[in-house]
Amino acid sequence: MADKNIAFLEDFITLLETEKAALMNNDSKEISKIIEEKKVFVEVFPTIDFSKEDRKKVEQAVAEIQELQKTNLLLTKQSIRFIESVMDAFNDGVKKANKTYSKDGHHTGASQANLLNQSL
């Protein structure tokens, strides 16, 4: 039974490593599957008694889990910041595109903006 609990921690570590790779590759489908798997682990964790385990092994596994969680959180935040910066750049571009002028010099919306001046 003792090895089963350590194996549970090792399985969680493997899942976190898979999550890290998926985050680095921006694989949203894989990340979605991993989130569902993590929910199962989170539900099971409180039911496990680690008091009869080799304390060093448990501490090592927990330290590795914490480190992977920190890394994955950092990768997630980095991805969110990237998406936000792309959206900001897109929104700035849309705002600038709306500031155009017609052939006779009046301010118009982007719907009248042309790449080439057709009056040539």
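Output yes when any residue across the stretch 41-48 is open to solvent by less than 100 Å² (accessible area, probe 1.4 Å) and within 22 Å of the chain's Cα centre (by Cα), and no when none is. Quick ask: steps written out before the conclusion?
Just the residues of the stretch 41-48 that are open to solvent by less than 100 Å² (accessible area, probe 1.4 Å), to begin with: 41-42, 44-45, 48.
Among the residues that remain, those that are also within 22 Å of the chain's Cα centre (by Cα) are: 41-42.
Yes, that holds for at least one residue.
Among residues belonging to the stretch 1-29 that are modelled with pLDDT of 95 or more, among the acidic types (Asp, Glu) and under 30 Å from Ile83 (Cα atoms), point out the one that is surrounded by the fewest Cβ atoms within 10 Å (Cβ to Cβ).
Glu17
With the requirement that a residue be among the β-branched types (Val, Ile, Thr) and over 16 Å from Leu68 (Cα atoms), what does the stretch 10-40 give you?
Within the stretch 10-40, Val40 is the sole residue that qualifies.
Is it true that Lys52 is modelled with pLDDT under 95, of a type outside the set (Phe, Trp, Tyr), in a loop (DSSP other than H, G, I, E, B) and open to solvent by 100 Å² or more (accessible area, probe 1.4 Å)? Give the derivation first.
Details: modelled with pLDDT under 95: yes; of a type outside the set (Phe, Trp, Tyr): yes; in a loop (DSSP other than H, G, I, E, B): yes; open to solvent by 100 Å² or more (accessible area, probe 1.4 Å): yes.
Taking the combined requirement at face value, the residue satisfies it.
Quick one: what pairs do we get from the stretch 1-29, first residue under 14 Å from Val42 (Cα atoms), second of a type in the set (Lys, Arg), C-beta under 7 Å, 6+ apart or different chains?
Leu15/Lys38
The values are calculated or read from the model by the stated rules, or taken from the named source; none is laboratory data. Bear in mind that the values here come from a model prediction, so they are computed numbers and not experimental data. So basically every Cβ, Gly included, is an ideal-geometry build from the backbone, and we count neighbours across all protein chains shown. With ligands, DNA and RNA removed, areas are computed over all heavy atoms of the protein, side chains included. Shrake-Rupley method; radii C 1.70, N 1.55, O 1.52, S 1.80 Å.
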